Amino acid sequence: MTHSITVLGAGFAGLSTVHALRRRDPRVQITLVAPRPELHYLPGIIWIPSGLRTREQLVVSLDRYFDRMRVQFRAAEVTGLREGGRVVETTAGDLANDALVIATGGRFIKKLPGIEHAITPCEGIAAAERIRDRLREMQGGTIALGFAGNPNEPSAMRGGPMFEFLFGIDAQLRREGRRERFELVFFSPAAEPGNRLGPKAVRHLLAEMNRRGIRTHLGHKLERFDADRVVTEGGEFPADLILFMPGMTGNAWFDATDLPRSPGGLVQADAHCRVPGRERVYVVGDSGSFPGPDWMPKQAHMADLQAAAAAANLLGDLSGRPANETFKVELVCIVDAIDHGTLVFRDVRRNVLLPSARAFHWAKRAFEWNYLRRYR
């Protein structure tokens, strides 16, 4: 009997799940649901403001990949689930399955008053292009960059890219010979931003800001953004351009389901990527809330590890075999600054930081080339 597996989402988590499933079972039927058959390589958007990357370099058509992997693609948006997950409701009609993997990512919490005055970089390529265009237009002024978390789920945040935008913009303005016309301010309600990277990383990042002449405004709850300023409980400061990464929560379509949710609004998962109380329903990547240390990252590497465990357990469940694969919790991050990078690694035993070097920048670019080669 050939089983039908539906994967929701064409980001890192969804595609890693497809890869892991097909590697383990060449016969299983896989259907992937997403608005478009495209991968947007979001780690590369940090290089768009400087011109090191363009939209065309970061958007990869998945048509040939789906053909190679024998994946049926359904161009649609997910709107809900029925029958315990056995039926997926989409804008292109209902889709039945024998097993389901939820990998539709998360969404940013846009509740802060005045957030429309800020650009949220990780919303995608268009946001990075807006940053590029604004920087080209500006003759000087104050650029404010910061991030916050989900108060109900500390791990549901993505702060790493903001450090990269911060250091990248600083380096870009220096290259262009106009850094002295700008003030850069880094802000966060956290007194020690980046603490999920580990204590060494926090000290290094703050020291690097000081070395580059970047002002900080830390440890104060955000109150609002105005068109020309950032306002916190600890004071306010002017800003001609605000880049802000809010905390993350679950997709809006989750609200139309009875999926178990975490306090932060994500889909609840166990250590095997199964959704509790749902038969053959799994979650991977940013959509899920997983047991583990509070520093567990929301990043592509973590999604890859979760996808491998989910695929193994899913296929085991379908065949009636015991399957209790778990995933390692690892944080691997290169904080890039256009031509240099700092490597941070963390697992349950170690926390390693290797200071800025050109080799890490080129390692990040090499990883991008190798990763995208799979899909091209």
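Points to keep in mind about this one:
- Meets criteria (within 28 Å of ARG350 (Cβ to Cβ), of a type in the set (Phe, Trp, Tyr) and surrounded by 14 or more Cβ atoms within 10 Å (Cβ to Cβ)) for PHE182: no
- When the range 296-310 is filtered for residues that are open to solvent by 30 Å² or more (accessible area, probe 1.4 Å), free of Cβ contacts under 8 Å to residues at least 60 places away in the same chain and hydrophobic (A, V, I, L, M, F, W, C), only LEU305 remains.
- Count - residues of the range 331-343 that are among the acidic types (Asp, Glu) and open to solvent by less than 30 Å² (accessible area, probe 1.4 Å): 1
- Identification of strands (runs of 3 or more DSSP E) wholly contained in the range 1-117 with 3 or more residues that are over 27 Å from PRO246 (Cβ atoms) yields 4-8, 29-34, 71-75, 87-90, 93-96.
- Residue list for the range 85-113, filter: surrounded by 14 or more Cβ atoms within 10 Å (Cβ to Cβ), on the phi > 0 side of the Ramachandran plot and more than 19 Å from the chain's Cα centre (by Cα): GLY85
- In summary, PHE327 fulfils each of the numbered conditions (1) surrounded by 17 or more Cβ atoms within 10 Å (Cβ to Cβ); (2) modelled with pLDDT under 95 with the single exception of condition (2).
- Within the range 344-376, the set of residues being open to solvent by less than 70 Å² (accessible area, probe 1.4 Å), within 18 Å of the chain's Cα centre (by Cα) and of a type outside the set (D, E, K, R) comprises VAL344, PHE345, TYR371, LEU372.
- Breaking point among (1) surrounded by 15 or more Cβ atoms within 10 Å (Cβ to Cβ); (2) in contact (Cβ under 8 Å) with a residue 60 or more places away in the chain; (3) under 30 Å from ILE338 (Cα atoms), for PRO37: (2)
- Which listed residue is open to solvent by 10 Å² or more (accessible area, probe 1.4 Å) and at pLDDT 95 or above, from PRO322, PRO293, PRO246, PRO276: PRO276
- Hits in the range 1-21 - residues which are in contact with a strand residue (DSSP E or B) (Cβ under 7 Å, 6 or more places away or on another chain), free of Cβ contacts under 8 Å to residues at least 60 places away in the same chain and not β-branched (Val, Ile, Thr): ALA10
- In this structure, ARG178 does satisfy being out of contact with any helix residue (DSSP H, G or I) (no Cβ under 7 Å at 6 or more places or on another chain) and either under 17 Å from ILE131 (Cβ atoms) or touching a residue at least 24 places away in the same chain (Cβ under 8 Å) (or both).
- Looking only at residues of the range 53-74 that are under 22 Å from the mean Cα position of the chain (by Cα) and of a type in the set (A, V, I, L, M), we find that the one that is surrounded by the fewest Cβ atoms within 10 Å (Cβ to Cβ) is VAL59.
- Taken over the range 231-243, the residue count meeting the criterion of being farther than 21 Å from ARG130 by Cα and open to solvent by 60 Å² or more (accessible area, probe 1.4 Å) is 2.
- Looking across the range 196-230, not a single residue is among the polar types (S, T, N, Q), assigned to a helix (DSSP H, G or I) and open to solvent by less than 80 Å² (accessible area, probe 1.4 Å).
- Checking GLU192 against (1) farther than 24 Å from GLY44 by Cα; (2) among the acidic types (Asp, Glu); (3) in contact (Cβ under 8 Å) with a residue 60 or more places away in the chain, the condition it does not meet: (3)
- Neighbours by Cβ (under 6 Å, 6+ apart or cross-chain): first from the range 339-365, under 17 Å from ARG53 (Cα atoms); second surrounded by fewer than 13 Cβ atoms within 10 Å (Cβ to Cβ): HIS340/ARG358
- Some residue of the range 262-269 being open to solvent by 40 Å² or more (accessible area, probe 1.4 Å), more than 30 Å from VAL202 (Cα to Cα) and assigned to a strand (DSSP E or B): no
- Criterion: open to solvent by 10 Å² or more (accessible area, probe 1.4 Å), in contact with a strand residue (DSSP E or B) (Cβ under 6 Å, 6 or more places away or on another chain) and under 21 Å from ARG215 (Cβ atoms) - qualifying residue of GLY146, GLY160: GLY160
The values are calculated or read from the model by the stated rules, or taken from the named source; none is laboratory data. Just so we're clear, the structure is a prediction, and the values are computed from it rather than from any experiment. Here Cβ is always computed from backbone atoms with ideal geometry, including for glycine, and neighbour counts include all displayed protein chains. These area figures cover heavy atoms from the full protein model, side chains too; ligands, DNA and RNA do not enter into them. Shrake-Rupley method; radii C 1.70, N 1.55, O 1.52, S 1.80 Å.
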